[in-house]
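The values are calculated or read from the model by the stated rules, or taken from the named source; none is laboratory data. Note that the structure is predicted; figures quoted are calculated from it, not measured. Because the Cβ atoms are built from the backbone with ideal geometry, glycine has one as well, and the counts that use them run over all protein chains shown.
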Amino acid sequence: MTKTKRYHPLLILFNLWKLVKNSIFFVIYLFVIKADSESNFVIYGRIIFFLAFGITLVSIILKWFTHKYELDDRSFHLYKGFLSKSERTIPFSKIQNVNRHTSLLHRIFKVTSTNFETGMRGEEAAVKFEVISQIEADRIEAHITSASRHELTTINSNNDNIELSSKMDTENANSNRTIHFKPTKSDILKASFTSLSFFILFPLIGSFYFKINEIFHVEEEVEGIFMSIMSSGWMMTIIIIVLVIISATFGIVRTFLKYGKYQISSDHDRIYITKGVIEETTFSISKEKVQAIEIKQSLMKRLLGLAEVKLTSAGSLSSGEDTLEINSLYPFLPVKRAYKMVSEILPSYEVTTKMTRLPRKSLWVRLFKPSWIWIIATAVLFYFKPSILKVEQAWWILSAVLFILIAVSRLLDFCNTRYILNDQFIQFKTGSLTTSLFVSKRDKIIEVKVTRNIVQQMVGLASIGTINRAKPVHHAGVDDVPLELAASLYQWYMKRRNEIKVE
Amino acid sequence: MYSQTNAPQKRLSKDAVKVWLISEMIMNLIGFMIIGVLLYLDYRFSWKEWIGWILIGITMIAVLGAVWSFINPFLLYKNWRYDVDEEFLQLKSGVLYEEHQLVPMTKIQSVATKQGPLLRKYGLCSISIETMGSSHTIPALPKDVAIKLRNQIAHYAKIKEVES
């Protein structure tokens, strides 16, 4: 239990900074570009600008005086309002994940911003501290963890048939975090190679050139320089080598800034993912609140044996302005390491590599399914019959190429698709070039459905689908599985009644 | 085979077919009127040629749709099943595209009965159910059955599961 508190006084400064940042555009427009203008529009614009600026300034200060927060054993209490007052209570048990973001400005003042995200819809779904001292943020987080742990144990002791064992030895759980992963130099090199960030420099230079050209019209000079470079062989070699080196360094530095200080750690109840060298972002989630796991592999990652593990949470995943994928464990983990890490940090999850493949007949169903993209594209091509590179028959060549591409992607998808109902887990893998393995638990799935179109009915196949809590809700599923699996999916899901705890 | 063991059994009201037929008829009438006006305008102001082709295409689709809309209600009624028990709501519908859903009661957020003018004429109600992840509708139940079912679902859904 704490006293009612105001937010950190630096909040005023941060809001002022934001206000200045937002008004720069108007200032430049009204007082620099249109400095000599006498038109009504500009004059009234200036008056409105001053009014708005003043009102915002006053409201920032008033807000700081009137907004308060309080924590008790079970919930947050947030107070706000100057004339019409409001009080909001958010129980700790509804908090799904905690996102902390420390920008450069935050770092200078040794503060941070923290969002406690709930699964609710709408604007007020999170308890936000835009500026908070790091000590206070840690304190609140620790308070919530201990409070919700206390609550869980009381619920558990009310019910008899629940495995208490995992939560019993929680007394000394605090402060002994185990670090599971920190990228080494070779990890970062691999990451920058996989993400193709070596090449990021070229589009940057390109866009830079076009912007300069727009202002100064340097096209002819550049062409001249380019021609003289092209004419001498050794000059070109040197320039290419220099460019490659610069580009590679740039790519590595960029990857380092993004993934350099990555750290995955966990204690008894929670998982923590920290990243960022200059701006630090931390995502933390209680282990019980992980709704599902997704292991994603792009083609590049599959070739290099890397994978990305994502934790699905029912709360929002954006932190402040940037919506980086903060719920992902390191995106460039070696596959084996990824599987091992999942079992390390989430012992209650079980990922098995033994999965069932689709029956042969579903390949035929998939191959013969009409592809709307192909039909429409072919119809358009047939109508216009464009000749590309003076080839008259281009339209049917294009159509045939598209047809083959679609067929190959379906074949790949068929080969990659696996599924299994493994005790209380459901697990399936789908995708053609980029594959994704989805694992969830029976009690985390909030709905299941089975659909069968007419062809599937004839050959005895079905499509299964599940819904998980997330923001927005997460739909997952496999097409063209045997009908027996669909039937056992129902049986399997019905057994949920033995697992859920009722309030 | 698979569906026999645990498929839901309860059916919709028989009047549902009439309601759907009437509403489809009204929709078709409005649709054809709009198409007629467009065709007339096309003829009167001699619009571009391709617009005429598109209009003819739309008319053909609309005619096929109208024919289908006189068959569909019977099939829909024949294949719509639902069931509730203490733990699950089951919904099953469709012939050409069969859909079978299983919704835990604890995840249901709200349930409501609704009645439009056509449904009221036949003393029917539809039930709409909102869950955490989606929304479902049971169309056309007799009013007393609908209200009973609504209350029953509301009662079952009151039991809350510990969210984690």
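Below is a table of values for the structure above.
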quantity: Given (1) surrounded by 10 or more Cβ atoms within 10 Å (Cβ to Cβ); (2) not in a helix (DSSP H, G or I), number of the condition A:Val27 does not satisfy; calculated: (2)
quantity: Test: A:Lys18 is part of a loop (DSSP other than H, G, I, E, B) and under 36 Å from the mean Cα position of the chain (by Cα); calculated: no
quantity: Hits in segment B:66-84 - residues which are over 14 Å from the mean Cα position of the chain (by Cα), surrounded by 15 or more Cβ atoms within 10 Å (Cβ to Cβ) and under 21 Å from B:Lys18 (Cα atoms); calculated: B:Ala66
quantity: Options A:Ile28, A:Ile33; residue that is hydrophobic (A, V, I, L, M, F, W, C) and modelled with pLDDT of 85 or more; calculated: A:Ile28
quantity: The lone exception for B:Leu124 - which of (1) at pLDDT 90 or above; (2) more than 29 Å from A:Asn498 (Cα to Cα); (3) within 12 Å of chain A (Cβ to nearest Cβ) it fails; calculated: (3)
quantity: Count of segment B:91-141 residues which are over 25 Å from B:Val17 (Cα atoms), not β-branched (Val, Ile, Thr) and not in a strand (DSSP E or B); calculated: 5
quantity: Number of the exception - A:Leu62 against (1) under 20 Å from A:Ile132 (Cα atoms); (2) not in a helix (DSSP H, G or I); calculated: (2)
quantity: Residue match in segment B:89-102 (condition: touching a Phe, Trp or Tyr at 6+ places or on another chain (Cβ under 7 Å) and either free of Cβ contacts under 8 Å to residues at least 60 places away in the same chain or exposed (fewer than 12 other Cβ atoms within 10 Å of the Cβ) (or both)); calculated: yes
quantity: Filter pass, A:Val380 being assigned to a helix (DSSP H, G or I), at pLDDT below 90 and either within 13 Å of chain B (Cβ to nearest Cβ) or under 30 Å from B:Trp53 (Cα atoms) (or both); calculated: yes
quantity: Residues within segment A:478-495 that are charged (D, E, K, R) and in a helix (DSSP H, G or I), tallied; calculated: 2
quantity: Pairs, first on the phi < 0 side of the Ramachandran plot and touching a residue at least 24 places away in the same chain (Cβ under 8 Å) in segment A:179-194, second among the basic types (Lys, Arg) and outside any helix (DSSP H, G or I), C-beta under 9 Å, six or more apart; calculated: A:Lys182/A:Lys261; A:Pro183/A:Lys261
quantity: Segments classed as helices (runs of 4 or more DSSP H), wholly inside segment A:278-371, with at least 3 members that are at pLDDT 90 or above; calculated: A:360-368
quantity: Options A:Lys301, A:Lys296: the member that is over 17 Å from the mean Cα position of the chain (by Cα) and more than 14 Å from every other protein chain (Cβ to nearest Cβ); calculated: A:Lys301
quantity: Flag if B:Lys114 is under 14 Å from the mean Cα position of the chain (by Cα), of a type in the set (D, E, K, R) and over 29 Å from A:Lys495 (Cα atoms); calculated: yes
quantity: Among (1) within 14 Å of chain A (Cβ to nearest Cβ); (2) under 30 Å from B:Met105 (Cα atoms), the one test that B:Ile54 misses; calculated: (2)
quantity: Scope segment A:87-109; condition part of a helix (DSSP H, G or I) and either away from every other protein chain (no Cβ under 13 Å) or in contact with a Phe, Trp or Tyr (Cβ under 8 Å, 6 or more places away or on another chain) (or both); matching residues; calculated: A:Phe92, A:Leu104, A:Leu105, A:His106, A:Arg107, A:Ile108
quantity: Which numbered condition A:Pro482 misses (of (1) under 30 Å from A:Thr356 (Cβ atoms); (2) within 14 Å of another protein chain (Cβ to nearest Cβ); (3) surrounded by fewer than 17 Cβ atoms within 10 Å (Cβ to Cβ)); calculated: (3)
quantity: Unmet criterion (only one of (1) of a type in the set (A, V, I, L, M); (2) away from chain B (no Cβ under 11 Å); (3) under 27 Å from the mean Cα position of the chain (by Cα)) for A:Ile464; calculated: (2)
